[in-house]
1. Could you figure out which of (1) open to solvent by 90 Å² or more (accessible area, probe 1.4 Å); (2) under 23 Å from residue 57 (Cα atoms) isn't true of residue 32?
2. Could you please find all residues in the range 14-33 being within 28 Å of residue 55 (Cβ to Cβ) and not aromatic (Phe, Trp, Tyr)?
3. Quick one: residue 130 ticks every box in (1) over 15 Å from the mean Cα position of the chain (by Cα); (2) at pLDDT 80 or above; (3) open to solvent by less than 90 Å² (accessible area, probe 1.4 Å); (4) over 30 Å from residue 44 (Cα atoms) bar one, so which box is it?
4. Suppose we filter the range 151-175 for residues that are closer than 20 Å to residue 27 by Cα and either exposed (fewer than 14 other Cβ atoms within 10 Å of the Cβ) or at pLDDT 85 or above (or both); how many remain?
5. Being in contact (Cβ under 8 Å) with a residue 24 or more places away in the chain and open to solvent by 70 Å² or more (accessible area, probe 1.4 Å) is the filter here; which residues of the range 8-19 pass it?
6. Can you tell which of 46, 37 is open to solvent by 50 Å² or more (accessible area, probe 1.4 Å), on the phi > 0 side of the Ramachandran plot and not hydrophobic (A, V, I, L, M, F, W, C)?
7. Do we have residue 103 as at pLDDT below 80 and within 20 Å of residue 135 (Cα to Cα) here?
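The values are calculated or read from the model by the stated rules, or taken from the named source; none is laboratory data. Just so we're clear, the structure is a prediction, and the values are computed from it rather than from any experiment. Every residue, glycine among them, receives a Cβ derived from its backbone with ideal geometry; neighbour counts consider all protein chains shown. Note: areas computed on protein heavy atoms with side chains; ligands, DNA, RNA excluded. Shrake-Rupley method; radii C 1.70, N 1.55, O 1.52, S 1.80 Å.
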Amino acid sequence: IEVIVDYFNEDKHKILEEDLFKFNVGLFIISNKFFYKNIEFLMQIKKPFLKVGKESIKKCSQTAVLLRDGEDVAKISPVVFDLSIQLNAKIKFFDIDPDNVSLTKKSIMKYYENLARMYYYQEKVEFIMSNDNPKRFIKDIKNICFFVPFNRNLPTSKLKAILLPDVQKVQILFDKYNQFMIPTKD
């Protein structure tokens, strides 16, 4: 382990960016506080990161993806399976708006079922449907880590997330949970 102290108060974004590329970092870990203060910077560097929640990552026995229309969820699928397998965690796919069952959502579910078979992980994949408010539905779940497609569609503040009822927008409010934020194109 090498510890480097910055006595000259260099630009933290510059240092972080240099280290990410110099050491070929694949995933880095940040706090909720750093996330909210540096969203624009995180979008620019386009690297996956773990936004640490209040729960211990050691207790993460299940991972989760909130299904919604659009291709972002499918784009992060290799990472979802790779990290879930490494954590030996069950993968839960939440469809919290089943009234809005579109062909896109059905095809994404079928895509994930096929991937589970390819990874020999089908016994650890579960699809859960509910009409409940996403925030209320998920707030009592314990020992779970979320995968979140990270792009410009994600709100940059909690106030925007509260005002926008979309499932994707509400994910930013889950500070309690560890979240793997995976960059995708807008």
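1. The failed condition is (1).
2. Within the range 14-33, 16, 19, 20, 25, 26, 27, 29, 30, 31, 32, 33 meet the criteria.
3. (2)
4. Final tally of qualifying residues: 1.
5. 17
6. Numbers: 37 fails: on the phi > 0 side of the Ramachandran plot.
Selected residue: 46, the only one of 46, 37 that is open to solvent by 50 Å² or more (accessible area, probe 1.4 Å), on the phi > 0 side of the Ramachandran plot and not hydrophobic (A, V, I, L, M, F, W, C).
7. Numbers: at pLDDT below 80: yes; within 20 Å of residue 135 (Cα to Cα): no.
Judged against the criteria, residue 103 is not a match.
Here is a yes/no grid of residues against (1) open to solvent by 60 Å² or more (accessible area, probe 1.4 Å); (2) without any contact (Cβ under 8 Å) to a residue 40 or more places away in the chain; (3) not in a loop (DSSP other than H, G, I, E, B):
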position: 6; (1), (2), (3): yes, yes, no
position: 21; (1), (2), (3): yes, yes, yes
position: 50; (1), (2), (3): no, no, yes
position: 54; (1), (2), (3): yes, no, no
position: 58; (1), (2), (3): yes, yes, yes
